[in-house]
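Some notes on the structure that comes next.
The values are calculated or read from the model by the stated rules, or taken from the named source; none is laboratory data. Being a predicted model, the structure only gives us computed values, none of them experimental. Methodologically, a virtual Cβ is constructed for each residue, glycine included, from the backbone with ideal geometry; neighbour enumeration extends over all protein chains shown.
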Amino acid sequence: MHAEDWQVRPGALGPGTEVGSWRVVERLGVGGYGAVYRVEDMTRPGDFYALKLALRREDERAEREVHLLMTRGIHPNVVRLHASGRWPHPRTGYLYFVMDWVPGPALHTWVETVNPTARQLAETLGKVALALGALHDRSVLHRDFKPEHVLIREKDGEPMLLDFGVGRYAGADTVTTSVLPPATVHLLSPEAVRFLRTHHKRPGARYEARATDDLHALGVSLYRLVTGHWPFSPELPVDLLYLEMESVMPAAPADFNRRVPRALSDIILRLLAKKPEARFQSGHEVHAALVAAVALGHREEWERSLFEWEDALDEAGAARRRIRLPEGPTRSTTPAPRGLVLGPVLSQSRPHWRRPRAVPAPGSRGARRRGGLSPAVLVVALAVAGLGASAVSGWPLSPVVEEPVASLVAIVAGGPPEAVGHEVAREVEPSETAAAAAPPPAAPTPAAVAAPATLVEDEAPVKKKLATAPSIPATPRKTPGLGSVGKALCVGATSAALSCTSAPVRAEPPSESCPPGAEAAMEKLGIIVGNIHPVDFPGTRREYITVREGYTEVEVVGYWYKMKSPTRLRGRLIIGETRVYGRMTEALTPDGERIPVCMQLLGNDKNRGFIRQPGGGPDTARVFSVGSVRAVDRFE
């Protein structure tokens with residue numbers, strides 16, 4: 001360790017700190033690889049820039065980003081590089097580089113606050129597509145394109161593409177060892193997901209991204225911008241999410257947001273095609289398609305705003321205007337296999353930041369609209385038909401992010417957080433118009449016919465003494481390889497192909513590897529293998545609660561070394577004969593940062609798993625709501 005490391009904290013520089021000839025004004029954000037600051041040029045007071053400072057001295061990723069911006073990233077709609085150096089020592093210090101500071105909102109925030117017309121959005125995204133096309137022509141891939149990585153410059157409305165922290169160009173050295181490069185999971189292309197499924201156990205296997213991966217991410221982002229919803233919900237369990245991304249085509253945006261021109265909707269669906277050869281092959285093609293759609297379309301449909309306005313009150317009680325988001329898509333364009341009998345969808349976890357949505361009265365227009373086949377039901381249908389069952393058996397159950405990236409998790413209707421005038425996004429309050437997560441069914445009664453499954457919300461108040469942990473469909477013990485899909489099949493399917501009547505075997509869970517990069521990410525937080533810290537289930541007290549097998553969240557009590565408070569740990573519960581085992585694979589910080597971790601739940605006796613108490617059902621158990629987690633290098 002260098003001597004000055006004791007005094008230098010590159011992720012926590014205070015205002016007035018001098019880095020080379022730049023004076024820190026404020027910290028804009030910090031991610032897994034670097035911290036971004038707004039700085040003032042001391043030689044020209046009043047000129048402000050964005051300075052990105054690596055968190056590690058020998059950071060090949062930062063060096064690659066500097067080289068990319070300096071040699072191949074020059075474009076009017078790409079953030080410019082002005083200077084680079086090392087600090088505090090010119091040879092051995094941390095690498096920093098100075099870029100344009102772009103005052104203005106992130107792309108999704110611009111859409112939600114300005115509510116542009118379809119033509120304005122097409123013109124803006126056309127410029128972004130041209131920028132991607134120019135980069136691809138120079139063999140540069142962004143590999144983490146999403147709405148918060150595009151800022152709309154205040155002075156002229158120009159879109160500026162930024163954050164090439166995981167970008168790559170031809171001839172660049174590989175700096176990661178995972179199957180997939182660090183990425184945002186729900187923006188991956190179907191071919192990347194397919195490669196992960198078939199190669200995640202093969203040492204040395206690496207997916208080679210192409211231009212069509214960036215263009216697919218552009219399509220996912222466009223879908224989110226014109227509907228307010230992601231085509232593939234990041235709230236799904238990872239195995240279900242992967243299967244949906246690989247096999248299910250989302251509903252057309254124009255089918256549930258009638259203000260979206262059909263031609264724009266078709267362009268988005270083409271960008272989301274499951275086969276890369278069916279997509280646009282370059283950003284130039286996307287731009288040309290958008291120009292033609294606007295030129296040949298009816299003027300009135302392109303000149304109306306993307307969303308309707310509605311009146312609302314802010315937290316202070318003042319009147320304000322906000323956009324009204326359409327109901328989320330309930331029907332996929334992927335048909336269910338013939339002869340399949342479907343039942344209700346099991347409940348999904350509702351994030352704590354979402355506002356509950358009122359339940360439509362039976363037979364009402366809202367109830368009928370929500371009665372379509374949801375993507376989750378169709379994923380189940382595909383699995384029964386043999387389209388996905390074998391695939392799920394090989395899924396890694398942890399996200400593919402190798403290390404925490406300098407970008408934050410989506411929080412508004414599945415959307416990314418706000419980024420204003422800088423590279424790293426800030427957390428924002430959720431939009432009051434955001435849709436709630438998929439609600440639980442009123443009763444899990446198998447359907448008698450292949451009719452659309454109706455999603456019904458339970459609005460009964462939560463009682464503290466009966467508080468339950470967030471749940472996701474449990475993993476049936478007698479159906480190896482189906483993961484979260486298996487339980488959903490057992491609830492709704494009466495197909496003879498599946499036998500769901502046997503009592504689950506409550507053996508101890510098998511050994512399992514940690515998520516890629518988890519141990520290194522924990523060490524950055526000061527947490528090493530063997531460390532123990534108290535946790536509890538969110539919203540509970542020191543009490544006995546009922547938990548369900550499957551996805552869960554627990555909350556870290558207070559601060560744990562560098563882990564911020566309150567941080568939630570995400571993972572899954574596995575119910576055994578005498579204990580409930582928990583394997584936590586991801587930490588969600590209050591900033592929205594998602595960090596891979598490898599931690600096991602411990603009971604109050606400090607042994608692996610919470611102690612089961614009397615009570616519970618086939619897939620539920622009674623446990624005490626307070627326990628601990630231990631950092632591990634492998635789940636045993």
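Output yes when any residue across segment 111-119 is without any contact (Cβ under 8 Å) to a residue 12 or more places away in the chain and either within 27 Å of the chain's Cα centre (by Cα) or surrounded by 20 or more Cβ atoms within 10 Å (Cβ to Cβ) (or both), and no when none is.
yes
When residues of segment 180-230 are filtered for being more than 23 Å from PRO261 (Cα to Cα) and either of a type outside the set (Ser, Thr, Tyr) or part of a helix (DSSP H, G or I) (or both), how many remain?
32
Specify which of the listed residues (THR92, THR43) is loosely packed, with under 15 Cβ neighbours inside 10 Å, of a type outside the set (D, E, K, R) and free of Cβ contacts under 8 Å to residues at least 24 places away in the same chain.
When all the criteria are applied, what remains is THR43.
Within the group ARG612, ARG572, which residue is within 23 Å of ALA520 (Cβ to Cβ) and in contact with a strand residue (DSSP E or B) (Cβ under 7 Å, 6 or more places away or on another chain)?
ARG572
Applying the selection to segment 72-106, what residues are within 24 Å of ASP156 (Cα to Cα), small (Gly, Ala, Ser) and in a strand (DSSP E or B)?
Scanning segment 72-106 gives a single hit, ALA106.
For the condition within 26 Å of LEU241 (Cβ to Cβ) and at pLDDT 90 or above, what is the one hit in GLU593, GLU553, GLU549?
GLU553
Taking interchain pairs and intrachain pairs at least six residues apart, which have beta carbon atoms under 6 angstrom, with the first residue in segment 9-23 and over 13 Å from THR43 (Cβ atoms) and touching a residue at least 60 places away in the same chain (Cβ under 8 Å) and the second surrounded by 15 or more Cβ atoms within 10 Å (Cβ to Cβ) and of a type in the set (S, T, N, Q)?
Between residues of segment 9-23 that are over 13 Å from THR43 (Cβ atoms) and touching a residue at least 60 places away in the same chain (Cβ under 8 Å) and residues that are surrounded by 15 or more Cβ atoms within 10 Å (Cβ to Cβ) and of a type in the set (S, T, N, Q), there is no close pair.
So which residues in segment 562-603 are surrounded by fewer than 24 Cβ atoms within 10 Å (Cβ to Cβ), more than 18 Å from ARG634 (Cα to Cα) and of a type in the set (A, V, I, L, M), if there are any at all?
MET563, LEU588, listed by residue number.
Looking at ASP266 and the list (1) in contact (Cβ under 8 Å) with a residue 40 or more places away in the chain; (2) within 19 Å of ALA217 (Cβ to Cβ); (3) of a type in the set (Asp, Glu), which single condition is not satisfied?
(1) is the only condition that ASP266 fails.
Just name the residue that is nearest to the chain's Cα centre (by Cα) out of those in segment 122-163 that are farther than 14 Å from LEU222 by Cα and in a helix (DSSP H, G or I).
The residue in question is LEU132.
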